[in-house]
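Enquirer: Here it is, the structure in full.
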Amino acid sequence: MVRLYPQTVRRVDVSLGNRSYAIRIGSGLLARLGRECARLSLGKKCAIITDTMVGPLYAKAAVRSLAKAGFEPVVLMVPAGEKAKSIATVQSCYDRLAAHRLERRSFIVALGGGVVGDLAGFVAATYVRGISFVQVPTTLLAQVDSSVGGKVGVNLKAGKNLVGAFYQPRLVLCDLDTLKTLPMREFRAGMAEVIKYGIICDAGLFSRLEKSMTKLMARETGLLSGVIARCCEIKAEVVSQDETEGGLRAILNFGHTIGHGLEAISQYGKYLHGEAISIGQVAAARLSHRLLNLPLAEVQRVRDLFAAAGLPVELDLSTPKVRALVAAMRLDKKVTEGEIKFVLARRIGAVEFGQRVPTSLLRELLGKRLLPEI
């Protein structure tokens with residue numbers, strides 16, 4: 001349930017027993033970072049892990065807020081981009097945390113997008129066998145998805161997020177003001193995760209997005225705040241029921257199997273995550289039509305909504321690239337005994353996980369443009 005607080009700050013609770021935490025969504029929250037951390041009874045020493053894009057914009061404000069609340073922050077800057085999610089970067093962070101004498105009661109602040117959140121969370125989960133961390137997501141994608149739920153990790157050459165852990169943050173602060181400096185391409189990429197929530201769980205949200213996409217892309221704060229809160233609420237409900245992806249949580253991976261494969265075969269450089277999963281979700285919709293009888297009209301609605309957000313919806317692969325993509329999907333961490341499992345939709349708002357897709361059908365689908373005119 002979304003709760004409203006003074007100054008239009010929304011709160012969504014993630015209920016996980018003694019690992020429960022709040023997600024706060026509103027404007028001006030970065031200035032309250034120190035005050036919010038003080039409520040958690042954390043140690044004085046802390047590290048802000050950020051990247052070379054976000055750090056110059058927001059690190060000083062984070063340091064100022066934490067210092068004002070009595071903390072002793074240090075800033076760890078990592079390169080921007082997916083390639084920073086590596087074991088080498090993790091090692092560098094460990095060394096710097098040790099040099100600054102962070103200890104068991106210290107904590108980490110993840111200030112940035114999904115890459116920073118995943119990296120910083122993994123560092124927090126493993127440094128001195130686990131210290132607290134706080135998520136301060138600065139991208140739309142991170143605010144609605146990657147900062148919530150406790151999946152942290154890094155990539156290997158073989159595939160995305162193959163090394164990681166389930167490790168929950170103590171708090172998530174979504175400052176809507178940070179979205180004002182987000183490049184349009186990054187904002188569009190985040191919208192791919194927003195649309196996903198409508199497909200997997202909430203037909204009403206999907207319809208709302210269809211009606212208001214133009215205003216959302218203009219970043220109207222009031223409308224955006226409600227949509228972000230609804231996405232967080234859906235993810236909180238799913239995670240509360242299945243924290244470690246034993247079943248239901250798999251629905252959050254709609255479109256991600258193909259999307260992660262695309263990222264891997266392009267060496268994490270050509271596509272942003274949201275762009276790759278946009279293509280993946282359109283492909284999953286078409287697979288859903290073939291295997292679960294998702295109506296063609298709904299396949300078209302899915303395609304049209306991603307297109308309305310300015311996201312890619314098609315892919316034209318050569319035969320060697322199709323083979324490489326299928327091989328990359330077989331390395332996905334959701335593969336069971338070598339079998340690729342998919343999340344597919346029966347209708348917009350209702351999906352099923354663990355669906356088997358014949359390799360022949362995958363190759364047929366991927367060997368041509370993903371969604372020709374219907």
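Enquirer: Give me the pairs: first residue in segment 59-72 and assigned to a helix (DSSP H, G or I), second residue of a type in the set (G, A, S), beta-carbon distance under 8 Å, and six or more apart or on different chains, which are they?
Expert: If the second residue must be of a type in the set (G, A, S), the pairs left are A61/A31; S65/A31; S65/G34; L66/G34; A67/G34; K68/G34.
Enquirer: Another question, if that's okay. So K160 passes all but one of these: (1) outside the structural domain of V14 (by TED's automatic domain parsing); (2) crowded, with 21+ Cβ neighbours inside 10 Å; (3) out of contact with any strand residue (DSSP E or B) (no Cβ under 6 Å at 6 or more places or on another chain). Which condition number does it fail?
Expert: Unmet condition: (1).
Enquirer: Return the residue satisfying two criteria in turn: it lies in segment 262-296 and is among the small types (G, A, S) and in contact (Cβ under 8 Å) with a residue 40 or more places away in the chain, and of such residues it is nearest to L156 (Cα to Cα).
Expert: Among those that are among the small types (G, A, S) and in contact (Cβ under 8 Å) with a residue 40 or more places away in the chain, it is A264.
Enquirer: Take I108 and decide whether it is touching a Lys or Arg at 6+ places or on another chain (Cβ under 6 Å), in a strand (DSSP E or B) and buried (at least 22 other Cβ atoms within 10 Å of the Cβ).
Expert: no
Enquirer: Between a residue in segment 82-105 that is farther than 21 Å from K157 by Cβ and of a type in the set (D, E) and any residue that is modelled with pLDDT of 95 or more and part of a helix (DSSP H, G or I), which pairs come within a Cβ distance under 8 Å, given they are 6 or more apart or on different chains?
Expert: Close Cβ pairs (under 8 Å, with a partner that is modelled with pLDDT of 95 or more and part of a helix (DSSP H, G or I)) amount to E103/V128.
Enquirer: Do the conditions hold for R96, that is, is it assigned by TED's automatic domain parsing to the domain that holds Q168, at pLDDT 95 or above, surrounded by 15 or more Cβ atoms within 10 Å (Cβ to Cβ) and not in a strand (DSSP E or B)?
Expert: yes
Enquirer: Given the criterion touching a helix residue (DSSP H, G or I) at 6+ places or on another chain (Cβ under 7 Å) and either farther than 20 Å from D145 by Cα or not basic (K, R) (or both), identify the matching residue among S20, S15, S41.
Expert: Going through S20, S15, S41 in turn, the sole match is S15.
Enquirer: While we're looking at this one, here's another question. Give just the number: which of (1) surrounded by fewer than 21 Cβ atoms within 10 Å (Cβ to Cβ); (2) in a strand (DSSP E or B) does S41 not satisfy?
Expert: Here S41 clears every test but (2).
Enquirer: Taking the conditions exactly as written (farther than 21 Å from L176 by Cα, crowded, with 24+ Cβ neighbours inside 10 Å and not aromatic (F, W, Y)), does A203 satisfy them or not?
Expert: It is false that A203 is farther than 21 Å from L176 by Cα, crowded, with 24+ Cβ neighbours inside 10 Å and not aromatic (F, W, Y).
Here's the yes/no breakdown for (1) surrounded by fewer than 21 Cβ atoms within 10 Å (Cβ to Cβ); (2) assigned to a loop (DSSP other than H, G, I, E, B):
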| residue | (1), (2) |
| --- | --- |
| A264 | no, no |
| L294 | no, yes |
| L311 | no, yes |
| K321 | yes, no |
| M329 | no, no |
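Enquirer: A further question on this structure: So which of K215, K180 ends up being part of a helix (DSSP H, G or I) and free of Cβ contacts under 8 Å to residues at least 24 places away in the same chain?
Expert: K215
The values are calculated or read from the model by the stated rules, or taken from the named source; none is laboratory data. What you are looking at is a predicted structure, and each value in this text was computed from that prediction instead of being measured. For neighbour counting, all protein chains shown are included, and Cβ atoms are generated from backbone atoms with ideal geometry for every residue, glycine included.
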